[in-house]
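A short write-up of the structure that comes next.
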Amino acid sequence: MQPNLLLPFFSADWRRVKAIYYVLAGKRTISNLSAGLTYGLLPYFRLFPKLSQADYDQAVQILIKQNQLVLRSDEGPQMARLTTAGIVAATQLTQQDHWVKSVDYWQLGDWQTQWQRLILSVQVISNYRHQVTRYLPAINQPKGQREIHRWFYQIGAAQQQIFIDELGAAIAQQSLLSQQILVNSLSSESFFGMSDFQIIQALRLTSGEFEFARIEAISALVRCELAPTAPQVLRQLFQVTDQRLSRPAQRTYQLVSQGKSWSQICALSRVKEGTLREHVLEAAILEPGFDFDRPLLQELAGTDPQGYFGQRLIQIQAMRMREVKS
Amino acid sequence: MTEASSLPELVHELQGRFNFDAFHPGQAELIQALLAGRDAIGVLPTGSGKSLIYQFLAPHLNGLFVIVTPLISLMEDQANRIRLSKLGQVAILNGQLDRDEQRYVLDHLSKTKFLFLAPETLQRAVVIRRLKQLSIGLLTVDEAHCISSWGPDFRPDYLQLGAIRHQLKPTATLALTATATDRVVQDIRQSLLHNMPTYLYKASVDRLNLYLRTEFVQGREDKWQRLELLLQHDWPTLIYTSTRQQAEDLALLIAQRTKRKVAYYHAGLEGTTRAHIQQLFLHDRLDTVVATSAFGMGIDKQNIRLLIHDEMPANFENYLQEIGRAGRDGQPALTLIFVNQQDHERLVNRQRLHQLPSQLIENFFAAPLAATPSGLIEEQSQVLATYRRANFDVQTVVKLLQKTQRVREDQLQLFWVFLNSTKCLREQICQYFDHQHSPEPHDETCCSQSTQLSLTAVIEQLDLPTTSVNHASPSLTTLSEAWSQLFDCTVNSSQKSV
Ligand SMILES: [Zn+2]
């Protein structure tokens, strides 16, 4: 990880160093998610699923050495905030073309999945149009391959043409940098594109900047193609299939939404009450239409022994209000 | 199961189904043995078409073909190759798949013909349970030398395969490896096949079209000068480095200082990126790849003319496997290894560093499952966790680790002696792997050491065929150009109404 690229995830206020890592790596716990919400970092959830804790820690250490970040040295979880120099550098960075302005895991899905869909769909259609039937698929994930093949067989010749025209038009609307990355990463048996390394050289980016620029490029494109005005063939290709909530939380939230009482919910679920409360909190953080005025929530807040649940809920509600306003 | 087939029948089928005229050495022999209901061990060099064996057998043996293979990148490459052949459903099962994917694969096993999985995945109770419900036509264990603690890549997970085989009761079992000494073959036979009668095919390791060269260098700059000399020639080139960082750094250096079209390749790259590099290299759009050992044999590049080891590997086995990727089209190729005292010392130190004091092993086994005892690096805890998963007791683990440590040290030492020797290199390799086989006598197309013959003289004498690559510095393609090549279409940027 190129250290300075982490700066914009910190701020002038103290933030938990580990929580930022967990958000970026996509570790879904209530504590990480609420930190993400509090810090305004939820859109960056799972931005770097492969980032190792060691690499992240090392990058943070370098930022401290460069006086862009300071640590608070008291007890408790490690906190850090930007120095004045860090704020300047972070601000400059977020104005660069390669900064990830468009990402949002919850709205646009996992960027890696979207990237794979783009690359494979273009390969499949380009080869099909050139009557090439034997070739190695550009992605190896079996689920991803199946998805694209199903999509490909669903769309007819007319839709194929719409795909080609509309995708081309959408890429043409992106920033020059995004266009260059998207176009040259594509490949089929009739177009080879360039290796990432060659693109990096040609664009004079560092490999870290390139990584960010690529995430930005695919995110901005997907944002375009998920808009209600986008043609169906592209909305289908990039549709976000993952649930916002984890499976168990989804189940609990469904029961809540159905208006079940707490004792009914407990009876219907096989997990501890504490875990069920966590599910409700997860929904409170992530569900767009979460109703904070539900009587059930007041009841829960009242019965929670340490008042932890009620307090958390109030915090989450406040954060989400702020989020809506901004 | 079908009757044993005669060789002419097999060749006839090969021509009809695969459009090949002849088998590679070993393929027909192993197919015949398996069709006759025997278990088999194949010691076949890289690129000798191992996957053809199971593709060929697919219509002959009923039931699922289970292929155990340790490296995920290899698994994906092989699976893709079989997908192309359209011989039946192909599935992959490994720890990198998310739960939904794994569940999907397990739920669709009855429709699957080829299942690739990692050895640790095969140990999971749910996987064994599902497999036991099916009939297994063929169990293939790839990289079977990993079963032997006398081999350099010993993996404790492999030790369970014998017992699992016993539970799955496959119609036939095939163990495959590219490099195995007699001792390793003996371990495979004992541990995997419980010393049952087994057919063994052992190909010679002698590849006559490969020129072997040891190049003594003093340090970085010295290395670079010789590299530069080699890279002036338009030979498709593969350079092996020992770390990801080295691969990246060297690729950068080559991009900055030469006109080569270069990329680096290692397991840390995205799957799409790796596939893209393979494709570009295969179509001669890249002429140099700097890679770690992750650049595997699944990559079907035939015309690599120059193969360089930027740093020495730790043993004969890895060296042989890696040089085997050169000249697969049968044309002459130059393989060159840089020999440097410091590189050797670094390797020795790395081995010492990885040595585990028995106290730490005991601590690990005494600690509760979730805890990570201090003093261990992640890699070491992983190794120990593998042993624990395989139900080893602590004393056995201590002994086994001491033994593998000693084996590794000996292997490194032997290889270092080889690199510094002045005898024919080919003859020594043949002696190490198959002492029965007497190699072709040394001549000027065989081998040399830099102390005997200059590099320039070697290059002149070999006169390797070149491959034309467009050296114009790579330029970015525009959207409209790309669209016309991809789809024969123009881009209309005005029609979008967002
Ligand atoms: Zn010789």
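Bear in mind that the values in this text are calculations on the coordinates, not laboratory data. The model shown is predicted, which means the values in this text are computed figures rather than measured ones. With ideal geometry, Cβ positions are generated from the backbone for all residues, glycine too; neighbour counts draw on all protein chains shown.
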Could you work out how far the C-alpha centroid of the stretch B:281-347 sits from that of the stretch B:176-244, in angstrom? 8
Taking a threshold of 25 Å on the Cα-Cα distance, which of the pairs B:K223/B:K403; A:K101/B:K259; A:K50/B:K223; B:K111/B:K202; B:K50/B:K86 fall above it? B:K223/B:K403; A:K101/B:K259; A:K50/B:K223; B:K111/B:K202
What length, rounded to one decimal in nm, is gained on full extension from A:Q95 through to A:R28, with 0.36 nm per residue of separation minus their alpha-carbon distance? 21.2 nm
One finds the C-alpha centres of the stretch A:44-60 and the stretch B:58-120 to be spaced, in Å, by 31
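Report the convex hull volume per residue for the protein assembly as shown, counting only C-alpha atoms, in Å³. Numbers along the way, then the final one.
Working: hull volume 158.6 nm³, N = 824.
Convex hull volume per residue, Cα atoms: 192 Å³.
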Once you wrap a convex hull around the alpha carbon atoms of the stretch B:200-312, what is its projected area averaged over all directions, in nm²? 8.4
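Can you show me the helix-derived [θ] at 222 nm for chain B, built from DSSP H runs with n ≥ 4 at -39,500 (n - 2.57) apiece and divided by the number of residues, rounded to the nearest 500.
Calculated mean residue ellipticity at 222 nm is -13000 deg cm²/dmol.
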Please report Rg (one decimal) and Dmax (integer) in Å for the Cα set of the stretch B:53-171. 13.5, 38
Once both labels are modelled 7 Å past Cα along the beta-carbon direction, what's the B:Q341-B:Q405 spacing in nm? 2.7
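Which of rounded, prolate, oblate describes chain B, given a ≥ b ≥ c as roots of the alpha-carbon gyration tensor eigenvalues and a/c under 1.5 marking rounded, otherwise prolate only if a/b is larger than b/c? Let's see the in-between values first.
On the way: a/c = 1.31, a/b = 1.14, b/c = 1.15.
Judged from the Cα gyration tensor, chain B comes out rounded (a/c under 1.5).
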Determine the gain in length on full extension of the stretch A:Q258-A:Q107; use 0.36 nm per residue of separation and subtract their C-alpha separation, reporting nm with one decimal. 51.9 nm
Taking the Cα centre of each part, how many Å lie between the stretch A:9-23 and the stretch A:134-185? 36
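Relative contact order of the stretch A:3-95: what whole-number percent is it, with Cα pairs under 8 angstrom and at least 6 residues apart?
Numbers: 125 pairs, mean separation 36.4, N = 93.
Relative contact order comes out at 39 percent.
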Run the numbers on the stretch A:247-325 and let me know its relative contact order in percent, using alpha-carbon pairs under 8 Å that are six or more apart. 27
For the pair B:R99 and A:A318, the simple spin-label estimate (label points 7 Å beyond Cα toward Cβ) gives in nm 3.4
For peptide A:128-138, the mean count of other chain Cβ atoms within 10 Å per residue Cβ is 4
Take the Cα pairs of the stretch B:266-419, get the Kirkwood Rh, then feed it into Stokes-Einstein at 25 °C and 0.890 mPa s and tell me D in µm²/s. 133
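Given a Förster distance of 35 angstrom, what is the FRET efficiency for B:V126 paired with A:A267, based on the Cβ-Cβ distance and rounded to 0.05? Each step should come with its number before you reach the end.
Working: r = 29 Å, r/R0 = 0.83.
Taking R0 as 35 Å, the efficiency between B:V126 and A:A267 is 0.75.
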Quick check for you: which residues of the stretch A:85-103 have the amide N under 16 Å from the point 7 Å beyond the Cα of A:S175 toward its beta carbon? A:90-103
In the stretch A:173-249, which trypsin sites (Lys or Arg not before Pro) fall in coil by DSSP and have 12 or fewer other Cβ atoms within 10 Å? A:R204
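Quote the FRET efficiency, to the nearest 0.05, computed for A:Q131 versus B:S480 with a Förster distance R0 of 35 Å and r equal to the Cβ-Cβ distance.
The value I calculate is 0.95.
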With each pseudo-label sitting 7 Å past Cα toward Cβ, what's the B:A163-A:A85 distance in nm, one decimal? 5.8
